[in-house]
Amino acid sequence: MRASSRTVSTLLMAFLIAASSPSAVTGATEAPTPDDTAGAHWSWPLAGPRLVLEPYRAPAHEYGAGHRGVDLGASVGAVVSAPADGTVAFRGTVVDRPILTIEHANGLVTTFEPLRSPLVPGDVVVSGEEIGFVDVGGHTSPGALHLGVRRNGDYVNPMLFFGEVPRAVLLPCCLAR
């Protein structure tokens with residue numbers, strides 16, 4: 001039984017190490033850092049308390065299940081601000097979801113849904129500028145705003161850019177006696 005317990009402990013430790021790697025946290029091959037946003041942290045896109053209703057969950061593979069963004073608590077009609085400087089790349093409705101997409105520096109792209117916005121592709125926005133209002137539609141429940149971030153086409157955890165992702169601390173386990 002002891003060898004079996006050691007095997008299970010070894011596998012668990014390997015899983016924890018793999019799960020704490022940047023690729024597991026972000027779903028990409030490289031972990032973005034605040035330096036990827038030109039040395040500045042992004043501003044929170046909503047006024048009031050920071051409420052994450054549904055966290056980012058990296059998929060096991062490119063087409064696997066996961067949650068490729070975060071759902072933020074917000075009332076319908078709440079003002080949404082740009083988290084960083086950028087240029088509007090897309091505004092439209094996709095599968096009953098009003099969406100706004102902004103391209104930022106360093107290969108970063110944010111997508112907000114459901115978001116009603118007067119902006120059009122090509123409009124330049126600055127961090128903290130009003131970009132629209134929380135709407136209804138899509139997969140989020142009323143009172144939620146989905147924020148997705150891609151880096152060079154790969155989804156990453158948006159919370160990395162707000163400086164709020166807790167890091168796993170692994171403790172030694174199963175030392176040989």
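Only the coordinates and a few stated rules stand behind these numbers; no lab work does. Keep in mind that what you see is a predicted model, and the values were worked out from it rather than measured.
Odds and ends about this structure:
- Calculated log₁₀ intensity ratio I(q)/I(0) where the Debye formula runs over C-alpha points of segment 62-170, q = 0.12, 0.13, 0.18 Å⁻¹: -0.39, -0.46, -0.89
- For ALA144, the residues whose modelled amide H falls within less than 5 Å of its own, excluding neighbours fewer than 5 places apart on the same chain, are ALA74.
- Over segment 106-146, Cα pairs under 8 Å with separation of 6+ residues give a relative contact order of 47 percent.
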